[in-house]
Each structure stands twice: as C-alpha cells, then as structure tokens.
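One structure is given below, encoded as structure tokens.
The values are calculated or read from the model by the stated rules, or taken from the named source; none is laboratory data. Keep in mind that what you see is a predicted model, and the values were worked out from it rather than measured. Ideal geometry is used to build each Cβ from the backbone, glycine not excepted, and the neighbour counts take in all protein chains shown. Heads up: the accessible areas ignore ligands, DNA and RNA and are worked out on the full protein's heavy atoms, side chains in. Shrake-Rupley method; radii C 1.70, N 1.55, O 1.52, S 1.80 Å.
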Amino acid sequence: MDTSPDTVNLAELVPEISSAMKVTLDLIDLAEEEIDSACARHPKHRDTLFHSFSLLRPTLPRMTSAFVYRAHCQELLGRVARVEDTRPGTAAEVCCLCADISTQVPLNSPAAGLYFRMWAQAFPHTPADDDRRAHHEALYASRIDDYEALARAKLAVDDRRLGTITCTGRHNTVKVPCRYTQF
C-alpha cells in the first residue's frame with residue numbers, strides 16, 4: 001500500500017467535494033429564485049432576465065452567504081431590467097471588499113461611510129446604523145462618492161455582460177414565446 005504524501009485518499013475527499021457541490025447547488029437555486037422574482041417585478045423584460053443566469057456568478061468568497069449573493073443577484077438583475085451596464089461592481093461586492101479590508105486595517109471615515117452606504121443599498125432590510133451612515137454622508141459625501149466609483153470600477157468584471165442570446169423556445173423545459181427564439 002502506498003502511503004506517500006502524494007497519494008490521495010478518495011474517502012477523505014468525498015465530504016469536501018460534497019460540501020462544495022452543496023454550496024454551488026444552493027447558489028444556483030438562489031440565482032433561479034432571484035431571476036423568477038425579477039421576472040415578476042419586470043414582466044416586460046422576462047425573456048432577457050431569464051437568459052441572464054450567466055451574469056450571476058459569485059465573484060468573491062463571501063458570496064457563499066445567501067443574503068450577500070441574493071443582493072448581488074438582485075442588483076445585477078435590476079440593471080438588466082433597466083438596460084444598464086452589468087460590469088461594474090455591485091454594492092454587495094463593495095461590502096465584501098470593505099469587510100476584507102477592515103480585517104487588515106482600520107477603515108478611515110470616508111471608507112466607513114462607503115461601507116455604510118453600500119450596506120444600505122445591498123441589504124436594505126438588514127439593520128444598519130443609519131445615524132452613523134447619515135453622519136458619514138454629511139461629512140464625507142463627495143469622498144464617499146469617489147471611493148464608490150473607484151471600488152465599483154476595480155471590482156468590475158469585464159465579461160459580465162449579456163452577449164448574443166439564442167433560445168430554443170423553452171425556459172426550464174416549458175415552451176414559451178421568447179423573443180430570442182431562433183427558428
């Protein structure tokens with residue numbers, strides 16, 4: 001029996017692989033739920049939203065948290081419905097960035113203001129310190145604007161945009177009158 005360190009014990013890998021697959025499948029389920037919700041909110045854009053799944057890839061490790069990933073998906077799908085650029089970073093991505101930076105160095109006041117602003121945008125139903133956010137906005141709004149623009153640009157994903165959409169006329173096995181159906 002080979003006991004060298006290079007030998008992989010498959011039995012040890014199975015739980016790790018199973019866990020990774022569960023996280024991935026859970027994120028797929030969340031993305032599909034958010035697409036369905038966006039379709040209900042924006043029925044005129046239903047076809048485009050249905051075909052937007054490829055835009056919803058998680059980009060940062062913290063996006064395995066359901067509420068973070070949902071916010072990311074909601075913002076991107078909202079941009080699709082408003083026919084806006086989907087490449088710039090989302091508020092959820094900026095929050096992840098701020099969280100990561102804050103574990104390395106203290107955030108200065110404008111950076112903390114950015115974190116408060118992005119939190120309020122990404123997670124409007126999750127309590128935040130609105131008094132502190134208002135304080136930071138009153139003192140540093142223009143610097144927060146600059147930080148936001150920089151963070152969204154740095155977190156941009158160049159290929160996060162819809163290309164040419166082709167459809168078979170079926171959405172999740174259901175025959176639909178999709179405007180992207182190719183005959």
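Note that region 145-161 has calculated 3J(HN,Hα) couplings of 4, 5, 4, 5, 4, 5, 5, 5, 5, 5, 8, 4, 10, 4, 9, 8, 7 Hz, one per residue in order, obtained from phi through the Karplus relation 6.51 cos²θ - 1.76 cosθ + 1.60 (θ = phi - 60°); glycine and proline are x.
Mean separation of Cα pairs under 8 Å and 6+ residues apart, divided by the residue count of region 72-183: what relative contact order is that in percent?
Worked out over region 72-183, it gives 29 percent.
The share of alpha-carbon pairs in the chain lying farther apart than 19 Å comes to 66%. Evaluated with a Cβ-only charge set (Lys, Arg +1; Asp, Glu -1), region 77-183 carries a dipole of roughly 660 debye about its Cα centre, given to the nearest 20. Measuring nothing but protein heavy atoms, the accessible surface of region 46-133 at 1.4 Å probe radius is 55 percent carbon and sulfur. What the phi angles of region 165-174 give under the Karplus curve with 6.51, -1.76 and 1.60, with θ = phi - 60°, is a coupling list of 9, 10, 9, 8, x, 10, 10, 6, 6, 9 Hz, glycine and proline written as x. Compute the FRET efficiency between residue 82 and residue 173 as 1/(1 + (r/R0)^6), taking r as their Cβ-Cβ distance and R0 = 25 Å, and round to the nearest 0.05. Calculated value: 0.30. Could you pull out every one of the lysines with an alpha carbon less than 28 Å from that of residue 44, ignoring same-chain neighbours closer than 8 positions? Partners within reach: 175. From its DSSP helices (H runs of at least four residues, each -39,500 (n - 2.57)), the chain gives a residue-normalised ellipticity at 222 nm of -19000 deg cm²/dmol. For region 142-182, the solvent-accessible area of protein heavy atoms averages 72 Å² per residue (probe radius 1.4 Å; ligands and nucleic acids excluded). Working ranking of peptides 25-31, 143-149, 93-99 by packing, defined as the average number of other Cβ atoms within 10 Å per residue, highest first, is 93-99, 143-149, 25-31. Take region 46-119 with all the other protein chains still there, run a 1.4 Å probe, and you get 42 Å² of accessible area per residue. For the residues 62, 82, 160, a GNM of the chain with alpha-carbon springs under 10 Å puts the largest fluctuation on 82. Positive end of the dipole of region 11-53 (Cβ unit charges, origin at the Cα centre): among 18, 40, 53, the Cα lying farthest that way belongs to 40.
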